[in-house]
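I have placed the structure first, in the form of structure tokens, so that the comments after it can refer back to it.
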Amino acid sequence: MRAIARAITRVENAAGRDLSQLLRELFPHTGRAFVIGVTGSPGTGKSTLVDQLAHHYTNSGVKVGIILVDPTSPFSGGAILGDRVRMQSLFTNPGVFIRSMATRGKLGGLSAAVDEALMILDAANFEILIVETVGVGQDEVDIVKTAHATLVILVPGMGDDIQAFKAGIMEIGDIYVVNKADREGASAVEGELTELLSLATGRKDGWTPPIVQTVATQGKGIAELAEAIQDYRNLTGESGKTKGGIDLFRERIMELLARRLTATILGRIPDEKLDQYAEKMMTRELDPYTIVDHLLRELGFEEEFHG
């Protein structure tokens, strides 16, 4: 476990190029784990649900890796919420690895290093990997690119909040969970979800996303949720490789390429020069587009980067 923790720390702190050799060696040993994404607004009980789901799997002898993506602390740069606070009941379980990761300013509800951390856990023979996102609602779309199955969590009493999900809810979720179902209004939430999902066009994989009611604090509905996840896993294949197809892997290549190019370019620009240009932009002496053109030209890039 310590070796895994150290490797993930390297992923979070090191530049991509410094990790290339480690990740190259790990990659052939990956592709067996099934990744479950858990997303939803703050207060929906995502952490409690993940806790209960992990217990369900470990009780069956399955090794579970959990990545909790939290907001970045403005002071330390790390995750504001720690894994010890959120999931104390799992922390001493030898079949579970838990890690909190900070978003570090990345949009979309995930940390930039999540994919690499999942690769490490996959290579370490963890069979189920659970990613709980930061909880930013509709903007939380990156999880679709990472998880084989995405759970969208809602609770009764959200009021108009469910309307905010409308634009993306039918595209994000593979399984919808009405948590805290012992509250008044759970059936109404399920009914509205059913209506929304009925308006969606048919999915390419032929799957009809189910709605599962749970009371995570009491462990109710967890077995039914795990069964729904397994049903979807059976449809998409053991490792979920069919979900997204080649487009998913192409997007991953493009993301890595963009990160590498960004790091390379920024590494060649002194901070003093950025400050000088920033001051000229602040005083309206230069616009940002002209500044970027100047910087790219100084770095040796000519017309190919000019808009």
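The values are calculated or read from the model by the stated rules, or taken from the named source; none is laboratory data. Bear in mind the structure is a predicted one, so any value in this text is a computation, not a measurement. Neighbour counts run over all protein chains shown; Cβ positions are idealised from the backbone, glycine included.
The set of residues in region 126-145 being surrounded by fewer than 19 Cβ atoms within 10 Å (Cβ to Cβ) and modelled with pLDDT of 95 or more consists of E127 alone.
Residue under question is R284, and the condition is that it be touching a residue at least 40 places away in the same chain (Cβ under 8 Å) and farther than 30 Å from G206 by Cβ; does it hold? Before you say what the answer is, go through the steps one by one.
On the way: touching a residue at least 40 places away in the same chain (Cβ under 8 Å): no; farther than 30 Å from G206 by Cβ: yes.
Against the criterion (touching a residue at least 40 places away in the same chain (Cβ under 8 Å) and farther than 30 Å from G206 by Cβ), R284 does not qualify.
Which numbered condition trips up E171, out of (1) of a type in the set (D, E); (2) modelled with pLDDT of 95 or more; (3) within 21 Å of I143 (Cβ to Cβ)? Result: E171 fails condition (2) only.
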